[in-house]
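I have placed the structure first, in the form of structure tokens, so that the comments after it can refer back to it.
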């Protein structure tokens with residue numbers, strides 16, 4: 001009886017090893033969400049760095065092509081320029097690439113905050129524990145923030161500021177950035193807000209604006 005049990009155990013062990021070595025039965029690796037898988041894309045003669053985040057590939061620096069306006073207080077290739085919605089729509093992109101939709105930004109954030117969404121509220125936002133994974137480590141002003149930007153995702157959101165349409169100048173460099181999304185002239189923004197000396201990072205959907213002079217930074221995305 002004892003020899004029979006030992007033989008059965010040995011056969012079971014061999015069977016497990018054969019099953020484990022079968023590629024068809026191996027579980028696929030989860031998609032990269034920590035900025036490890038990177039590359040580049042050529043857009044109108046300029047090479048832009050890219051990063052795989054979940055089921056998407058994003059450009060990881062702001063667009064810096066023809067047109068647009070430079071924030072004179074936030075210069076550098078990574079900061080890019082601020083474009084009108086009309087300028088954004090006119091950009092010619094390689095096959096598969098596009099201006100991000102609202103759903104693209106929601107999916108981006110859900111890689112780090114599974115509760116993020118916009119269906120049940122007017123202006124949803126993520127808490128600062130998740131949004132730090134999207135933010136560059138060096139461009140943000142840090143004052144009393146509980147968490148520091150990690151850029152774990154490799155998205156590398158630069159605090160390039162935003163354009164004040166009323167007064168026609170740039171504001172909030174170091175504290176805010178915004179990106180155009182389709183199809184409703186709506187920006188998505190990352191903001192460092194301060195209340196009673198405490199800083200809170202927020203990733204939120206802005207209100208639609210059809211003002212022809214409104215300007216925001218641009219990122220591109222394609223599905224994997």
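Every number here is computed from the coordinates shown, using simple stated rules; none is lab data. As the structure is a prediction and not an experimental result, all values here were calculated from the model. Because the Cβ atoms are built from the backbone with ideal geometry, glycine has one as well, and the counts that use them run over all protein chains shown.
Quick notes on this structure:
- Subtracting the Cα-Cα distance of residue 182 and residue 164 from their residue separation scaled by 0.36 nm leaves 4.4 nm.
- Site pair residue 75 and residue 103 shows an inter-label distance of 4.2 nm when each label is modelled 7 Å from Cα along Cα→Cβ.
- Paramagnetic label zone (point 7 Å from Cα along Cα-to-C-beta, residue 42; backbone N under 12 Å) in the stretch 54-97: 94
- Within the stretch 75-113: backbone nitrogen closer than 11 Å to the residue 211 label point (7 Å, Cα to C-beta): none
- FRET efficiency, 1/(1 + (r/R0)^6) with R0 22 Å, evaluated for residue 110 and residue 150 via beta carbons: 0.80
- Look at the alpha carbon pairs under 8 Å that are at least 6 residues apart: their mean separation over the length of the stretch 38-223 gives a relative contact order of 26 percent.
- Relative contact order computed over the stretch 123-224 (Cα-Cα under 8 Å; 6+ residues apart), in percent: 28
- Cα-only radius of gyration and Dmax that characterise the stretch 38-223, units Å: 15.2, 48
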